[in-house]
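The values are calculated or read from the model by the stated rules, or taken from the named source; none is laboratory data. Bear in mind that the values here come from a model prediction, so they are computed numbers and not experimental data. Neighbour counts run over all protein chains shown; Cβ positions are idealised from the backbone, glycine included. Ligands, DNA and RNA are stripped out before the accessible areas are found, and what is left, the full protein with its side chains, is counted by its heavy atoms. Shrake-Rupley method; radii C 1.70, N 1.55, O 1.52, S 1.80 Å.
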Amino acid sequence: MKKLLIALVTLLPTLAIAAGGNNEFVKSPDPEINLHDNESLERGLDLFQQYCSGCHSTQYQRYGRVAEDLGISVDDMRNKYMFTDAKVGELMENSIPEADAAKWFGAAPPDLTLVARVRGADWVYSYLKGFYKDESRPFGVNNTVFPLVGMPHVLEDLQGISVKQEDGTLVATGGSMNAEEYDQAVRDITGFLVYSADPVKLEREALGWWVLGFLFFFFIIAYLLKKEYWKDVH
């Protein structure tokens, strides 16, 4: 029994690596997401709804909550960013049936509400910039972050066709955006997904400062009360 336990402990690191796989990826520079920039977040919402929401949902978010947080009027949300007959107060679900999506792509596209929280903003940003031409793949593209990815490059008309160079860099041509414009578009989408993964983050941080201020004020009151209570003892 003792030998078995020793063997298991010895194998744990190997088993962990085998189970977890290779989580390293070709990381792009920090996208520097600013959750206070509502214009960027709204552009990200716009791009997400146009290019991503046909397959991917953010079903733990509501249209109305997004509109309120980003300063979008109900009419603009309904007319610009809602492509189904859903009501403003409903969840942001996609329109593709899960069974059909699994048949077309090999697996149903995942919900992306929490992807930035699970993977990290740098992963999302790097992934959206990591597609390159690969004729061996079913959709003609591969990805430096997610090798053998089973989805097309939905932003190809914006970025163009990206070709992987011998040194590993990607060079894109033929898109409607230049490199700087596409980089900003990817930042906008990433920002929207960062917001979507934790929509109360800014409220929580603001509340945290009030709590710290209250505790500091209470500490002063408690200290003065302690001095007053013990002054005759000392």
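Comparing L170, L207, L114 in a Gaussian network model of the chain (Cα springs below 10 Å), the most mobile by mean-square fluctuation is L207.
If you run the Gaussian network model on the chain, springs between alpha carbon atoms under 10 Å, then out of E42, E32, E166 the most flexible one is E166.
Between the listed residues F214, N143, I189, the Cα displaced farthest toward the positive end of the dipole of the chain, a dipole computed from Cβ unit charges relative to the Cα centre, is found at F214. Hydrodynamic analysis of region 70-214 uses the Kirkwood radius over alpha carbon pairs. Inserted into Stokes-Einstein at 4 °C and 1.567 mPa s, it gives a translational diffusion coefficient of 73 µm²/s.
If I build a Gaussian network model for the chain, linking alpha-carbon pairs within less than 10 angstrom, which residue out of Q49, Q165, Q184 has the largest mean-square fluctuation? Taking springs between Cα atoms under 10 Å, the residue moving most is Q165. The alpha carbon centroids of region 69-131 and region 144-211 are separated by 14 Å. As a calculated quantity, the FRET efficiency between I220 and E39 at R0 = 35 Å, using C-beta atoms, amounts to about 0.30. Span-like helix criteria (full DSSP H runs; alpha carbon extent of at least 24 Å along the helix axis; mean Kyte-Doolittle hydropathy of at least 1.6) are satisfied in the chain by 2-20.
Protein heavy-atom accessible surface, 1.4 Å probe, per residue over region 116-173: 53 Å².
Apolar share of the accessible surface for the chain: 59 percent from carbon plus sulfur atoms, 1.4 Å probe.
Extent of region 33-156 along its three principal axes (Cα atoms, max minus min coordinate, largest first): 45, 33, 24 Å. Only helices enter the 222 nm calculation for the chain: every DSSP H run of n ≥ 4 contributes -39,500 (n - 2.57), and dividing by all residues gives -16500 deg cm²/dmol, rounded to 500.
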